[in-house]
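Participant: Here it is, the structure in full.
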Amino acid sequence: MLSFADLPALTGGALLQAPAEAAAPVLTLLLDSRRVAQAAGTLFVALRGPHHDGHQYLPELYQQGVRLFLADRAALIPGGVAAYPGAGFVLVADALTALQTLAAAHRAAFPGLPVLAVTGSNGKTIVKEWLAQLLSPDELICRSPRSYNSQVGVPLSVWELRPAHTLGIFEAGISEPGEMPRLAAVIQPTLGLFTNLGPAHDAGFASRQQKAAEKMQLFRGVRTLFYCHDHAEVHEAAAALPATVQRLTWTRHGAAEAQVQVRVEAGADPGQTIAHVRYEQAEHPFTLPFADEPSVENALHCLAVLLWRGLPAAEVQRRLLRLQPVAMRLEMKQAIHDCYVLDDTYNNDLTGLDLALDALRRQPRRGRHTLILSDVLESGLPADELYQRVAELARRHGVQRLLAVGPEIGRHAAVLRAAVPECAFFADTAALLRWFQPDYFRHETILVKGARRFEFERVVTAFQRQIHGTVLEVNLDALVHNLNYYRARLQPGTRLMVMVKAFAYGSGSYEVASLLEFHRVDYLAVAYTDEGVQLREHGISLPIMVMNPSPDSFALLRQYHLEPEIYSFARLREYLQAAEDGPLPAIHLKLDTGMRRLGFAEDDLPELLPLLQRHAGTLRVASALTHLAGADEEQHNRFSEQQLAAFRRMTARLEAALGYPVIKHALNSPGIMRFPKAQFDMVRLGIGLYGVEAAGLAPEALQPVSTLRTTVSQLKRLPAGETVGYGRRGEAADHDRRIATLAIGYADGYDRRFSRGGGEVLIRGRRAPIIGNVCMDMCMVDVTGIADVQEGDAAVLFGAGLPLTELAARIGTIPYELLTNVSERVKRVFVAE
Ligand SMILES: *Cc1c(COP(=O)(O)O)cnc(C)c1O
């Protein structure tokens, strides 16, 4: 184990200050200041990126007990090292390089350990996860959590290696030249697998060949490299490897050099494929439990590795049939009795548990946090130490109830009981399900995390029994992508207010708000006081602006510290009156520069300014804002510029009268795209966060956040001449048709204007038009052209492949309306990697 005293020599850095405990061991590497699990033994590495600087969080970390730090800019350490008595600081030239050096040194401490590195454009994570599933009966495997394959993710993954592990499997991903040798130095692989080469990250490279050659650098030191001979670019790039690298290749096209010859055909069951495989003179048919091409290719990669290891064919077959699709993300599902279930059966090691508990802790919902956990099988730690650490994680992350399943975890009940207020232990999953009663769970957030063999999907199903098939899926990763897209457009120092009015444009207010708080936006805004109160009740502590607070809610503003927008003399006088009963939060002054909706006009200033001056002792103005009437359209540019000029004049007079500066803000999402010079001190991001680029300048830049989907309730054959639905508005046709009835209607927010061909839905990736009128809870679509539709299939009403902008245009409205109309009876499901 490395100690802090080793760091200067290892990284070529300078010891700025020695820690109180000079030989302190470095147990954990921490990069994200929000994720302190166990302060003792944690080394915080202050990385800097385009949007953040780790140095900034040093005081906060010190307060939480972290004492070991690695930094690369002494001048950026807030207060200088003297402000952190007892803490150790090493100053290096570049923190990322130092992080990689530490991980490489840790890896080098296991010289005899076989380590398989996986790279390629697609399938890395799945191949890694499947190999781990397939080899876990024989090996104790340390593998990358999720898709931790970057310059930062790889060192963190490798850091998890322990003496008990018998195999490492790590994935490596790159986006530009020069990155792979750095990852190779950290992983030091002895075996390699190259999945394939596709267009991902082409932009970062001069050519496909250059990309293939760069990726191949990972494998210069391996003994054996696995790949598919049929991928010509991969095969060519492999020719440049040293002669010490043995190749084990497979082919479906009969390439003579390939050691593994494969011929595939469809299986008897539509979900299966038969692979006839010849290897070392023996030929066997293997059934793969998949039919889609990417899964078949990924499975064949794995099959090649199993054959090379010399596993008997019958055993290979047995293991292949148990392969399960890999859930690539952590899903938060709405469940019985206002509970949420975080479904994470992705990984069953300590890092995975830490990540999932962190996600649990970030749920600001009121009510208890429950963890349902099975035996942890893949940690490589001795059981006593393992469950000690599980207990510590549960305590640090504030788990209030633990339902533990399995013989091993049951033997460590004592340490867990000491860490978690309420614990119950079950011998197996069946015992948990026998005990399960919906009434035991109310208003709580439940993390379900179990090793595969415990089949916790049955537990998740139990929680969801009463949820019907229509959901709005909100992709939190897409939301963060969009947030960062707009952030990258802001001048340094410009603050960001995010509009979460109208249930966060239909996406679920506190889930979105809590994510925004985690990503450190500066302000939130809602339309009404009760929306703000709800956010506070769910634990949101960011400043919140309320755009239209009614006078009878002023007491709530005080109680919940919500800042009102004040737009008229009447409101201002009422607010000043209420302030006589005790201080009230600062206000935001709405200035009307041309929208002609709410706000003080320029000729109101002679009356407004003295009034504000008279009450300067009791009333503070936090900001002044205006709203552009035509920010999204070029034809209104001149008008927008006039509005901005008026705003400049008005705020100059306001600040002169107040004698202090206020935050000035004017731009909404399209405004951020079209008026980069008018950002003032803050911008107000709305629809763009939710995936719609309303200015139309960069339609591809954002990712769709919301997917509205339902299921096919029934399929019917409709003979020529028959009509469909109310008023027989689905008119007769001269040919036979197939129609599908979907479980969604206008009461769910599916607009009635989509009736009679106005709208289309996606089923099995194909478009089907609405037929007849949209009903209250149902609608019908024509699926004549989609041969393989089945009852129970998913139908997408909007989302990827069916953009909101297109649908809105079809019925003469705007994406805002489609998003905010989705009724609250539609369950929200939040997904994230
Ligand atoms: C809703 C709203 C915004 C956000 O507008 P988008 O077009 O959704 O970005 C900004 N400012 C005010 C005053 C708003 O009401």
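The values are calculated or read from the model by the stated rules, or taken from the named source; none is laboratory data. Remember, predicted model here, so these are calculated numbers, not experimental data. Every residue, glycine as well, gets a Cβ built from its backbone with ideal geometry; the counts of neighbours run over all protein chains shown. The area values use the complete protein model at the heavy-atom level, side chains included, leaving out ligands, DNA and RNA. Shrake-Rupley method; radii C 1.70, N 1.55, O 1.52, S 1.80 Å.
Participant: Taking strands (runs of 3 or more DSSP E) that fall entirely within the range 369-457, which contain at least 3 residues that are among the aliphatic types (A, V, I, L, M)?
Facilitator: Of the strands (runs of 3 or more DSSP E) lying wholly inside the range 369-457, those with at least 3 residues that are among the aliphatic types (A, V, I, L, M) span 369-374, 401-405, 445-449.
Participant: Could you please find all residues in the range 265-276 being crowded, with 17+ Cβ neighbours inside 10 Å and modelled with pLDDT of 95 or more?
Facilitator: Passing the criteria: only Ala275.
Participant: Looking for something touching a Phe, Trp or Tyr at 6+ places or on another chain (Cβ under 8 Å), at pLDDT 85 or above, open to solvent by less than 10 Å² (accessible area, probe 1.4 Å) and among the hydroxyl-bearing types (Ser, Thr, Tyr) - is there at least one such residue anywhere in the range 365-384?
Facilitator: Yes, the range 365-384 has at least one match.
Participant: Show me the strands (runs of 3 or more DSSP E) found entirely inside the range 543-639 where at least 1 residues are more than 16 Å from the ligand (Cβ to nearest atom).
Facilitator: 621-625
Participant: Being buried (at least 19 other Cβ atoms within 10 Å of the Cβ), in contact with a Phe, Trp or Tyr (Cβ under 7 Å, 6 or more places away or on another chain), under 17 Å from Trp159 (Cβ atoms) and not assigned by TED's automatic domain parsing to the domain that holds Gly493 is true for just one of Val45, Val66. Which residue is that?
Facilitator: Exactly one of Val45, Val66 is buried (at least 19 other Cβ atoms within 10 Å of the Cβ), in contact with a Phe, Trp or Tyr (Cβ under 7 Å, 6 or more places away or on another chain), under 17 Å from Trp159 (Cβ atoms) and not assigned by TED's automatic domain parsing to the domain that holds Gly493, namely Val66.
Participant: Could you tell me whether the range 822-833 includes any residue that is part of a loop (DSSP other than H, G, I, E, B), in contact with a Leu (Cβ under 8 Å, 6 or more places away or on another chain) and open to solvent by 10 Å² or more (accessible area, probe 1.4 Å)?
Facilitator: yes
Participant: Would you check if Gln642 is more than 21 Å from Tyr486 (Cβ to Cβ), touching a Gly at 6+ places or on another chain (Cβ under 9 Å) and either more than 13 Å from the ligand (Cβ to nearest atom) or in a helix (DSSP H, G or I) (or both)?
Facilitator: Against the criterion (more than 21 Å from Tyr486 (Cβ to Cβ), touching a Gly at 6+ places or on another chain (Cβ under 9 Å) and either more than 13 Å from the ligand (Cβ to nearest atom) or in a helix (DSSP H, G or I) (or both)), Gln642 qualifies.
Results for (1) in contact with a Phe, Trp or Tyr (Cβ under 7 Å, 6 or more places away or on another chain); (2) in contact (Cβ under 8 Å) with a residue 12 or more places away in the chain, shown as yes or no for each residue.
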| position | (1), (2) |
| --- | --- |
| Ala418 | no, yes |
| Glu422 | no, yes |
| Phe425 | no, yes |
| Leu432 | yes, yes |
| Pro438 | no, yes |
| Val448 | yes, yes |
| Thr461 | no, no |
| Gly469 | no, yes |
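Participant: Within the range 160-172, is there a residue that is modelled with pLDDT of 95 or more, under 27 Å from the mean Cα position of the chain (by Cα) and open to solvent by 10 Å² or more (accessible area, probe 1.4 Å)?
Facilitator: no
Participant: From the set of residues in the range 137-158 that are surrounded by 22 or more Cβ atoms within 10 Å (Cβ to Cβ) and of a type in the set (A, V, I, L, M, F, W, C), which is nearest to Thr28 (Cα to Cα)?
Facilitator: Here the answer is Val158.
Residue by residue, here is whether (1) out of contact with any Gly (no Cβ under 8 Å at 6 or more places or on another chain); (2) open to solvent by 20 Å² or more (accessible area, probe 1.4 Å); (3) modelled with pLDDT under 95 holds:
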| position | (1), (2), (3) |
| --- | --- |
| Glu473 | no, yes, yes |
| Asn482 | no, no, no |
| Tyr485 | no, yes, no |
| Gln491 | yes, yes, yes |
| Leu496 | yes, no, no |
| Ala502 | yes, yes, yes |
| Gly508 | yes, no, yes |
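Participant: In the range 622-645, what residues are in contact with a helix residue (DSSP H, G or I) (Cβ under 6 Å, 6 or more places away or on another chain), open to solvent by less than 40 Å² (accessible area, probe 1.4 Å) and in contact (Cβ under 8 Å) with a residue 40 or more places away in the chain?
Facilitator: Listed by number, the residues that qualify are Ala624, Thr626, Leu628, Ala631, Leu644.
Participant: Thr244: in contact with a helix residue (DSSP H, G or I) (Cβ under 9 Å, 6 or more places away or on another chain) and modelled with pLDDT of 95 or more, yes or no?
Facilitator: no
Participant: Okay, next question. Considering (1) within 22 Å of Ala800 (Cα to Cα); (2) open to solvent by 50 Å² or more (accessible area, probe 1.4 Å); (3) without any contact (Cβ under 8 Å) to a residue 60 or more places away in the chain, say which one Ala732 fails and leave the rest.
Facilitator: (1)
Participant: OK, next. I'd like the residue in the range 788-812 that is outside any strand (DSSP E or B) and within 24 Å of the chain's Cα centre (by Cα) and, out of all such residues, is surrounded by the most Cβ atoms within 10 Å (Cβ to Cβ).
Facilitator: Among residues in the range 788-812 that are outside any strand (DSSP E or B) and within 24 Å of the chain's Cα centre (by Cα), the one surrounded by the most Cβ atoms within 10 Å (Cβ to Cβ) is Leu804.
Every residue, every condition in (1) free of Cβ contacts under 8 Å to residues at least 60 places away in the same chain; (2) more than 29 Å from the chain's Cα centre (by Cα); (3) not in a strand (DSSP E or B), yes or no:
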| site | (1), (2), (3) |
| --- | --- |
| Val262 | yes, yes, no |
| Asp269 | yes, yes, yes |
| Val277 | yes, yes, no |
| Glu297 | no, no, yes |
| Leu300 | no, yes, yes |
| Leu303 | yes, yes, yes |
| Gly310 | yes, yes, yes |
| Val326 | no, no, yes |
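Participant: Write out, first by first residue and then by second, each pair whose Cβ atoms fall under 7 Å of each other, whose residues are 6+ apart or on separate chains, and whose first residue, in the range 228-249, is open to solvent by 50 Å² or more (accessible area, probe 1.4 Å) while the second is small (Gly, Ala, Ser).
Facilitator: Listed by first residue and then by second, the contacts come to Glu233/Ala212; Ala240/Ala213; Arg247/Ala238.
Participant: I've got another one for you. For residues that are part of a loop (DSSP other than H, G, I, E, B) and not aliphatic (A, V, I, L, M), scanning just the range 458-483, find the one that is farthest from the ligand (Cβ to nearest atom).
Facilitator: Among those that are part of a loop (DSSP other than H, G, I, E, B) and not aliphatic (A, V, I, L, M), it is Arg465.
Participant: Also: Looking at the range 397-419, can you tell me whether even one residue there is closer than 30 Å to Val761 by Cα and open to solvent by 20 Å² or more (accessible area, probe 1.4 Å)?
Facilitator: Scanning the range 397-419 turns up no residue that is closer than 30 Å to Val761 by Cα and open to solvent by 20 Å² or more (accessible area, probe 1.4 Å).
Participant: Can you name the condition, by its number, that Thr244 falls short on among (1) hydroxyl-bearing (Ser, Thr, Tyr); (2) touching a Ser or Thr at 6+ places or on another chain (Cβ under 7 Å); (3) more than 12 Å from Gly192 (Cβ to Cβ)?
Facilitator: (2)
Participant: A further question follows. Considering only the range 484-505, state which residues are within 12 Å of the ligand (Cβ to nearest atom) and out of contact with any Lys or Arg (no Cβ under 8 Å at 6 or more places or on another chain).
Facilitator: Answer for the range 484-505, where residues must be within 12 Å of the ligand (Cβ to nearest atom) and out of contact with any Lys or Arg (no Cβ under 8 Å at 6 or more places or on another chain): Tyr486, Val500, Lys501, Ala502, Ala504, Tyr505.
Participant: Could you count how many residues in the range 285-328 are within 23 Å of Glu139 (Cβ to Cβ), among the small types (Gly, Ala, Ser) and open to solvent by 40 Å² or more (accessible area, probe 1.4 Å)?
Facilitator: The total comes to 3.
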